[in-house]
Amino acid sequence: MGQSVPTIAPGQVARVWSALLRGLKEIAARLSASRWLVVAVAVIMVTLTAAAGLPPAIALMGFLAFVASVALLHRYESEAFEGRLPYPAASAREASAMQVMAEALPDPVILLNASGQVLSCNAPARSLFASLREGNHISSAIRTPEFLDAVGAAPQRGRAVTVTYAERVPVGRRMAATVAPITRGLEPGSNILVLLRDLTEGERINQMRADFIANASHELRTPLASLRGFIETLQGTAKEDSGARERFLPIMVEQAARMTRLIDALLSLSRVEMNAHVPPSDLVDLNEVLRQARETLEPLALENDIQLEVGRFPQPAIVRGDRDELVQVIQNLVQNALKYGMKGGFVRLVPKHIPSLGRQEGRYAIAVVDNGPGIAPEHLPRLTERFYRVDVASSREKGGTGLGLAIVKHILNRHRGELMIASNPNKGSTFTIMLNEVRSV
Ligand SMILES: Nc1ncnc2c1ncn2[C@@H]1O[C@H](COP(=O)(O)OP(=O)(O)O)[C@@H](O)[C@H]1O
Ligand SMILES: [Mg+2]
């Protein structure tokens with residue numbers, strides 16, 4: 001009985017064959033990558049044989065051993081060799097890797113070569129500088145000397161620096177630029193990565209915060225100083241003067257009331273700001289808001305001898321909102337119209353429904369119209385700023401804090417609503433609020 005001969009499946013032959021082929025290709029690649037070294041060793045061996053009397057057999061063995069080591073040793077040697085390819089090729093590869101990374105970043109990023117030419121830039125950088133072009137020198141986009149000095153010194157410095165500078169054109173802004181040379185060891189002529197940040201908005205917010213605190217303290221300090229003055233007078237020179245006491249006490253009450261009003265307004269502003277990102281969810285009928293505002297403001301209208309006319313929507317006007325906040329909006333606007341309007345004049349609340357049009361939602365508008373002295377156009381854009389007043393003395397005298405319209409604006413922002421101000425000097429002002437209607441209740 002014959003023994004069964006081990007059989008080799010055709011698939012296995014193909015696999016062995018392809019492995020062999022791969023191996024040969026790999027050896028050929030290693031030899032080709034190191035061909036100049038092989039030639040150099042051959043030349044050395046021939047020279048040693050001819051000039052120094054090295055036996056040819058030993059020289060041949062040495063040469064073959066070298067070739068074998070090149071062929072059999074792992075190729076990372078040759079890969080490392082590739083990594084040190086002449087500068088331009090490495091730089092181009094590096095630039096394209098950087099470009100992919102830069103495109104993923106939200107901040108403006110520009111990659112420069114060592115002499116400051118733009119190799120690539122991402123979309124935020126392109127939208128920041130219209131004149132930024134690949135191949136141009138960076139100075140065609142950013143001319144500030146501090147920045148250009150940092151770019152010029154980057155290849156020698158070998159580490160990142162951040163410079164801040166101000167630009168006036170095309171718009172005034174403050175920028176921070178981090179200029180980082182991309183070095184690998186001591187390789188000369190490395191690229192430079194520039195990361196930019198616009199500081200304008202952050203600095204503006206910091207300035208606003210500082211101004212706000214300064215304004216609020218100043219507003220509180222004035223009535224407080226006056227109160228202390230009266231208290232000291234009553235404790236000292238006017239101690240026994242009942243007439244002075246009678247005169248001073250109502251003023252002191254008014255100063256204390258002014259401080260209370262200011263603190264209430266500040267608290268109300270901070271409450272609205274805190275909830276700014278939480279849209280209100282309740283359903284409110286604006287007719288109810290109008291009714292409540294009329295009830296609270298009628299006495300003030302009478303006091304100022306102004307006729308208050310409050311209209312109504314013909315149907316319930318439902319919006320998503322916080323009822324107390326919406327009442328406060330109407331109150332602040334009507335209080336202003338009553339305070340700054342014309343004695344013997346009128347203040348009208350005119351409601352209007354604006355039906356939906358195409359994709360635009362339907363809206364409810366309430367206009368607060370007075371026939372007072374009006375407001376000069378240059379003040380209109382700033383009226384909703386905190387503490388901004390056209391006439392500080394007149395506002396204070398009328399119990400104003402300068403925060404009424406700032407509160408209105410914040411409440412409307414939270415309600416995704418709008419405030420529009422129109423005014424004709426000597427004819428009167430119209431403050432209109434707009435809120436989106438809720439269609440299906
Ligand atoms: N209806 C109006 N007519 C004229 N000026 C107005 C009117 N409403 C507001 N203003 C001006 O806008 C300024 C800011 O208003 P507001 O923020 O409510 O602060 P204030 O506490 O001074 O009333 C007021 O000081 C006033 O100069
Ligand atoms: Mg006001």
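Only the coordinates and a few stated rules stand behind these numbers; no lab work does. No experiment lies behind these values; they were computed from the predicted model shown. As a convention, Cβ positions derive from the backbone with ideal geometry for all residues, glycine included, and neighbour counts pool all protein chains shown.
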Would you calculate, for the chain, the mean residue ellipticity at 222 nm contributed by helices, counting each DSSP H stretch of 4 or more residues as -39,500 (n - 2.57) and dividing by all residues, to the nearest 500? -17000 deg cm²/dmol
So what is the relative contact order for region 87-198, in percent, with contacts set as C-alpha pairs under 8 Å and at least six apart? 25 percent
Pseudo-spin-label distance residue 27 to residue 282, built 7 Å along Cα→Cβ, given in nm, is 8.8 nm
For region 321-327, 3J(HN,Hα) per residue [Karplus equation, 6.51 cos²θ - 1.76 cosθ + 1.60, θ = phi - 60°, Hz, x = Gly/Pro]: x, 9, 4, 4, 5, 5, 4
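By how many nm would the segment from residue 421 to residue 267 grow when fully extended, if each residue of separation counts as 0.36 nm and the alpha-carbon distance is taken off?
52.9 nm
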At R0 = 56 Å, FRET efficiency that the Cβ-Cβ distance of residue 354 and residue 392 yields, to 0.05: 0.95
For the chain, build the charge dipole from Cβ charges (+1 Lys, Arg; -1 Asp, Glu) around the Cα centre, then report which of 115, 142, 223 sits farthest towards its positive end. 115
Yeah, the chain with a ≥ b ≥ c from its alpha-carbon gyration tensor (a/c under 1.5 is rounded, else prolate when a/b outruns b/c, oblate otherwise) is prolate
Quote the charge dipole size of region 283-436 about the Cα centre in Debye, to the nearest 20; the model charges only the Cβ of Lys and Arg (+1) and of Asp and Glu (-1). 360 debye
List the trypsin sites (Lys or Arg not before Pro) in region 105-202 that DSSP assigns to loop (not H, G, I, E or B) and whose Cβ has at most 16 other Cβ atoms within 10 Å. Which are they? 133, 143, 159, 168, 184
Quick one: which residues, 5+ away or cross-chain, put their amide H under 5 Å from the amide H of residue 192? H built at 1.01 Å from N. 112, 113, 182
Relative contact order (%) - criterion: Cα under 8 Å, at least six apart; region: the chain: 9 percent
At 37 °C in a medium of viscosity 0.692 mPa s, region 87-198 has a Stokes-Einstein diffusion coefficient, with Rh taken as the Kirkwood radius over alpha carbon pairs, in µm² per second, of 236 µm²/s
Got a sec to turn the phi values of region 411-419 into Karplus ³J(HN,Hα) couplings, 6.51 cos²θ - 1.76 cosθ + 1.60 with θ = phi - 60°, whole Hz, x for Gly and Pro? 5, 5, 4, 4, 8, 6, x, 9, 10
Counting only the backbone N, which residues of region 111-134 are under 15 Å from the spot 7 Å out from the Cα of residue 140 toward its beta-carbon? 111-113, 116-121, 126, 129-134
Simple SL model, points at 7 angstrom along Cα→Cβ for residue 18 and residue 43; separation in nm is 4.2 nm
Work from the charge dipole of the chain (Cβ charges, +1 for Lys and Arg, -1 for Asp and Glu, about the Cα centre) and give the residue of 331, 314, 164 farthest towards its positive end. 164
Students often forget the sequence filter, so: which lysines lie under 23 Å Cα-Cα from residue 343 once same-chain residues fewer than 8 apart are removed? 398, 427
